[in-house]
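Take a look at the structure below.
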Amino acid sequence: MPLVEVQPRADITPGTYEAVVSNVEQDTIVPRTGRNAGQTVPILRWNFVVEGIEERLESITGRDPSSEKSNLFKYFVAVLGTDKSAWMSAETEDLVGKPVLITISVTDEGWPRVDNVTGRPVRRGPTAQPVVPEPIATAMEPGTTEDVTGEAATDDLPF
């Protein structure tokens, strides 16, 4: 029997949740596999808070948002919008407290994993009254069987 037993801590159901960015910090990792195996790689650790969930939800991204496929690119769009100049001058305090939607899955080992971060939909106030379409104008005068040219209506329609 091992001295230490790690229990999965996922008491969260996989799905999409409203969350708030609680912290973003710079760090480095040394991956064991992949194209950067054995190299020191700079990363950002993103922490999110979901109301009603005690555990910290963390996601790691690289530090280069140049590719639209990168997670960092997606995270910055979700938090700061599409203005890339805002990304390059962003500090931690510009990101903390921002509302986002996070999609969570649970790994086979039972740990929560942040799969995606997107911006929350913009909630708008009441919209203008819907436009009621005008009735289609016809060539028939109301209550008559003749069109406005004076010709009698014919009943030669096939239906």
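Just round it to a whole percent: the fraction of Cα-Cα distances in segment 49-120 exceeding 16 Å. The share of Cα pairs beyond 16 Å in segment 49-120 comes to 51 percent. Working ranking of peptides 98-108, 81-91 by packing, defined as the average number of other Cβ atoms within 10 Å per residue, highest first, is 98-108, 81-91. Remark: the ASP108-MET88 segment gains 3.6 nm on full extension, using 0.36 nm per residue and subtracting the alpha carbon distance.
Every number in this text was worked out from the coordinates using simple rules, so none of it is lab data. Predicted model, so just to flag it, every value in this text is computed and none were measured. Neighbour counts are summed over all protein chains in view; Cβ atoms, including those assigned to glycine, are modelled from backbone coordinates with ideal geometry.
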